[in-house]
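Asker: The following block contains the structure, expressed as structure tokens.
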């Protein structure tokens, strides 16, 4: 299996290009599942001007790679790409891409959800929303924690 690609970056990315790269030259891939998260223009009924994401370089990539390794232990994966942006992002811009290649769709869907649930709940990112003249640090959501908890059963 090719090495998982984990990138934390400020630069934009093209999800279609990343999916093509994950599958390029492969005939063993029967399923390619991806999730692209984007900045919403509204948060609890208020317009969002921008979102700023911070992280600890080096540590963040190692933590994500550890969860990719866990996904690879759970499912027979043929490739994984995770890209997470940092810095100041505006509504409509992509924040994250999780793409998983596998022989079958069940493994690809499960691994993609597992990895996204981890990124939402445990990855070392901090986000600050700018709404109007105010800024608000993002808080954990019980619904995200509940979604991630299912993987501990």
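Asker: Collect the residues in segment 128-140 that are within 25 Å of residue 56 (Cβ to Cβ) and either touching a helix residue (DSSP H, G or I) at 6+ places or on another chain (Cβ under 8 Å) or at pLDDT 80 or above (or both), keeping them in residue-number order. Can you show your working first?
Answerer: Step one: filter segment 128-140 for residues within 25 Å of residue 56 (Cβ to Cβ), giving 128-130, 135-140.
128, 129, 130, 135, 140, listed by residue number.
Asker: Which is at pLDDT below 95, within 12 Å of the chain's Cα centre (by Cα) and closer than 23 Å to residue 15 by Cα, of 114, 125? Explain how you work it out, then say what you get.
Answerer: Numbers: 114 fails: at pLDDT below 95.
That would be 125, the only listed residue that is at pLDDT below 95, within 12 Å of the chain's Cα centre (by Cα) and closer than 23 Å to residue 15 by Cα.
Asker: Quick one: residue 71 ticks every box in (1) in contact with a helix residue (DSSP H, G or I) (Cβ under 9 Å, 6 or more places away or on another chain); (2) more than 21 Å from residue 55 (Cβ to Cβ); (3) in contact (Cβ under 8 Å) with a residue 40 or more places away in the chain; (4) in a helix (DSSP H, G or I) except a single one, so which number is it?
Answerer: Of the numbered conditions (1) in contact with a helix residue (DSSP H, G or I) (Cβ under 9 Å, 6 or more places away or on another chain); (2) more than 21 Å from residue 55 (Cβ to Cβ); (3) in contact (Cβ under 8 Å) with a residue 40 or more places away in the chain; (4) in a helix (DSSP H, G or I), the odd one out for residue 71 is (2).
Asker: Of the numbered conditions (1) outside any strand (DSSP E or B); (2) touching a strand residue (DSSP E or B) at 6+ places or on another chain (Cβ under 8 Å); (3) free of Cβ contacts under 8 Å to residues at least 60 places away in the same chain, residue 40 satisfies every one except a single condition; which is it?
Answerer: (2)
Asker: Restricting attention to segment 84-95, which residues are touching a helix residue (DSSP H, G or I) at 6+ places or on another chain (Cβ under 8 Å) and either modelled with pLDDT under 95 or crowded, with 22+ Cβ neighbours inside 10 Å (or both)?
Answerer: Residue satisfying the conditions is 84 alone.
The values are calculated or read from the model by the stated rules, or taken from the named source; none is laboratory data. Everything quoted here is computed from the prediction, not taken from an experiment. Don't worry about glycine lacking a Cβ; one is built from the backbone with ideal geometry, like all the others, and counts go over all protein chains shown.
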